[in-house]
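Reviewing the structure listed below.
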């Protein structure tokens, strides 16, 4: 099994610099988390973007789609900011013969109480069990693209 991982930035890779919430998007955290977990599968990682998801454009989504379509792997994991993850999932619908799972974090992976490691593990497990299509792995659940929204007040994703 080989997984292609695309990172796009978002909270998953954020670094906060001060109490005023000034941040930057750092190096992808996925390799460090997978090393800590001692995974035994092969993966390739491409850092496509380093943006907060609110800054993603239609051109960025077209780039993500083109990269997913062009890669040879059938199992695709995308780390993404949570604010517009559902929009990117919608932009990826219709890609045939690939299992595409987007995941992210409500707290940066660099923080001790982050949901990033859990969501990453959930997404990797989901990749191995799902039929071709586009899904989101967040809040301990797997959601098909087009049937999920972010509940900002509750700090989780929920089915539509």
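In the chain, what percentage of the DSSP-assigned beta bridges are antiparallel, given to the nearest 5?
Within the chain, antiparallel bridges account for around 35 percent of the total.
In a Gaussian network model over the chain where Cα atoms closer than 10 Å are linked, find which of 11, 72, 88 has the largest mean-square fluctuation.
Of 11, 72, 88, the Gaussian network model singles out 72 as fluctuating most.
Once the piece of chain linking residue 16 and residue 141 is laid out straight, how much longer is it, given 0.36 nm per residue of separation minus the C-alpha distance between them?
Full extension of this stretch gives 42.3 nm more.
Roughly what would the spin-label model give for residue 59 and residue 71, points 7 Å off Cα along C-beta, in nm?
The answer from the label model is 2.3 nm.
Which of rounded, prolate or oblate describes region 1-111 when judged by the alpha-carbon gyration tensor and an a/c cut-off of 1.5?
The shape class here is oblate.
In a GNM of the chain with a 10 Å cut-off on Cα contacts, which of 35, 83, 52 has the highest mean-square fluctuation?
35
In a Gaussian network model over the chain where Cα atoms closer than 10 Å are linked, find which of 141, 112, 65 has the largest mean-square fluctuation.
112
Alpha carbon centre of region 4-24 versus region 105-156: separation in Å?
First find each Cα centre; the distance between them is then 17 Å.
Exposure proxy check: 43, 135 ranked by fewest other beta carbons within 10 Å?
Ranking 43, 135 by Cβ neighbours within 10 Å, fewest first, gives 43, 135.
Would you mind calculating the relative contact order of region 2-159 from Cα pairs under 8 angstrom and at least 6 residues apart, reporting the percent as a whole number?
Rounded, it is 24 percent for region 2-159.
No value in this document is a laboratory result; all are computed from the given coordinates. If you're wondering where the values come from, they're calculated on a predicted model, not measured in any experiment. Backbone-built Cβ (ideal geometry, glycine too); neighbour counts: all protein chains shown.
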